[in-house]
Amino acid sequence: MKRFLLLIALCLFALHSNAQQWEFGVQGGAAGYIGDLNQRNLLQVSGAMQGLHLRYNINGHWSIKASLSKAQVEAADSTSKYAEQRQRNLSFYTPFTEGALIGEFNFMEYLPGDRYHDFTPFVYGGIAAVNYTPKAIYNGQTYDLRPLNLEQSPQTYGTTAVAVPFGAGVKFNLFSSVSLTADVGYRTVYSDHFDDVSGNYADRNTFVDPIARALSDRSGERTGVYIGTAGSQRGDYRKHDTYVFFGLSLSYTILGQKCYYK
């Protein structure tokens with residue numbers, strides 16, 4: 001993650017040796033998750049997000065933003081309206097950190113400090129690295145799920161994955177150098193383990209660790225009847241999980257001597 005952030009900084013400063021317009025700011029809002037435990041609700045909120053960003057405005061239509069965000073998402077089959085998910089009875093929460101480099105396109109010319117160009121809708125896309133740690137609570141205790149290898153995969157998945165951010169929003173120049181941005185952005189994670197659920201049930205009898213055995217199949221916690229026979233479907237077989245940010249950010253603009261603004 002540190003190397004990724006250093007690369008972001010170098011890319012930004014390499015864009016223009018005499019930067020004419022920079023913005024820095026804070027962001028916050030809500031986070032959601034779409035994956036094996038939430039396959040249908042694209043707008044479901046399950047946690048909070050916060051972060052910092054640095055934006056370089058190339059001109060009134062194009063900008064590049066580097067951001068560092070911390071967030072958490074969660075889901076539980078027990079709250080689902082679908083009977084098959086309630087029967088499966090899995091749950092998780094994942095705290096994570098995202099470092100992103102994003103390109104933005106403003107549909108209208110956006111010039112903070114100019115009242116004739118103080119609003120625009122925009123779209124964005126980019127690349128990110130996300131460091132994540134799926135966890136679950138069992139009998140009042142919290143357990144990291146990655147080292148338990150609940151599906152007994154030949155190789156355990158890593159702590160960091162590539163993600164592809166894309167989204168849309170609006171920008172408002174409130175006054176002078178202060179601007180407000182509201183946006184919704186999805187992140188496709190190039191991993192199916194953001195929620196630690198991916199493929200098939202493992203054979204419960206092969207687990208040496210009793211905690212791993214219990215968390216691999218939680219369907220019988222209420223009924224005593226376990227549905228997770230070895231080799232049967234546990235996840236949704238989709239290759240990627242997704243998380244989403246519903247964000248608000250407040251930015252302060254630094255105008256250089258060669259600024260193109262009016």
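The values are calculated or read from the model by the stated rules, or taken from the named source; none is laboratory data. Everything quoted here is computed from the prediction, not taken from an experiment. Cβ placement follows ideal geometry from the backbone for every residue including glycine, while neighbour counts extend to all protein chains displayed. Quick note on the areas: whole protein, heavy atoms, side chains included, nothing else; ligands and nucleic acids left out. Shrake-Rupley method; radii C 1.70, N 1.55, O 1.52, S 1.80 Å.
Only one residue in D217, D236, D196, D183 is of a type outside the set (S, T, N, Q) and at positive phi. Which one?
Details: D217 fails: at positive phi; D236 fails: at positive phi; D183 fails: at positive phi.
Within the list D217, D236, D196, D183, the selection yields D196.
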**Failed item in (1) in contact with a Ser or Thr (Cβ under 7 Å, 6 or more places away or on another chain); (2) open to solvent by 50 Å² or more (accessible area, probe 1.4 Å), with F194 passing the rest** = (2)
**Fill in**
Taking the range 205-250 and keeping only residues that are closer than 27 Å to Q141 by Cβ, among the charged types (D, E, K, R) and modelled with pLDDT under 95, one is left with E221, R222
**Request:** Answer yes if at least one residue in the range 182-200 is in contact with a His (Cβ under 9 Å, 6 or more places away or on another chain) and farther than 22 Å from G99 by Cβ, and no otherwise.
**Result:** no
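Given the criterion open to solvent by less than 60 Å² (accessible area, probe 1.4 Å) and in contact (Cβ under 8 Å) with a residue 60 or more places away in the chain, identify the matching residue among G51, G113, G103, G125.
Working: G51 fails: in contact (Cβ under 8 Å) with a residue 60 or more places away in the chain; G103 fails: in contact (Cβ under 8 Å) with a residue 60 or more places away in the chain; G125 fails: in contact (Cβ under 8 Å) with a residue 60 or more places away in the chain.
When all the criteria are applied, what remains is G113.
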**Prompt:** Does T120 qualify as being in contact (Cβ under 8 Å) with a residue 24 or more places away in the chain, of a type outside the set (A, V, I, L, M) and open to solvent by less than 40 Å² (accessible area, probe 1.4 Å)?
**Reply:** yes
**Fill in**
Reported set for the range 162-215 where residues are closer than 30 Å to L111 by Cα and without any contact (Cβ under 8 Å) to a residue 40 or more places away in the chain is V164, L174, F175
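If we keep just the residues of the range 54-86 that are of a type in the set (D, E, K, R) and part of a strand (DSSP E or B), which is least open to solvent (accessible area, probe 1.4 Å)? Before you say what the answer is, go through the steps one by one.
Our first condition is that a residue be of a type in the set (D, E, K, R); within the range 54-86, this holds for 55, 65, 70, 74, 77, 81, 84, 86.
Next, from what is left, pick out any that are part of a strand (DSSP E or B): 55, 65, 70, 74.
Details: R55: 4, K65: 27, K70: 115, E74: 86 Å².
Among those that are of a type in the set (D, E, K, R) and part of a strand (DSSP E or B), it is R55.
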**Request:** Consider only pairs whose beta carbons are under 8 Å apart and that are at least six residues apart or on different chains; among these, list those whose first residue lies in the range 231-242 and is closer than 15 Å to R187 by Cβ and touching a residue at least 60 places away in the same chain (Cβ under 8 Å) and whose second residue is among the β-branched types (V, I, T) and open to solvent by less than 50 Å² (accessible area, probe 1.4 Å).
**Result:** D241/I34; D241/V189; T242/I34; T242/T188; T242/V189
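Assess whether G220 counts as being open to solvent by less than 20 Å² (accessible area, probe 1.4 Å) and closer than 30 Å to F105 by Cα. So that I can check it myself, show each step before the final result.
Working: open to solvent by less than 20 Å² (accessible area, probe 1.4 Å): yes; closer than 30 Å to F105 by Cα: no.
No; evaluated as a whole, the condition is false for this residue.
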**Message:** Can you list residue pairs whose Cβ atoms sit under 6 Å apart, with the first residue in the range 67-90 being over 14 Å from I137 (Cβ atoms) and the second being of a type in the set (K, R)? Count only pairs 6 or more apart in sequence or on different chains.
**Reply:** S80/R86
**Request:** Please find, within the range 1-50, the residue that is farthest from Y132 (Cα to Cα) out of those that are modelled with pLDDT of 90 or more and of a type in the set (S, T, N, Q).
**Result:** N41
**Asked** Mind checking which residues of the range 74-83 are farther than 15 Å from V197 by Cα and either modelled with pLDDT of 95 or more or not aliphatic (A, V, I, L, M) (or both)?
**Response** S78, T79, S80, K81, Y82
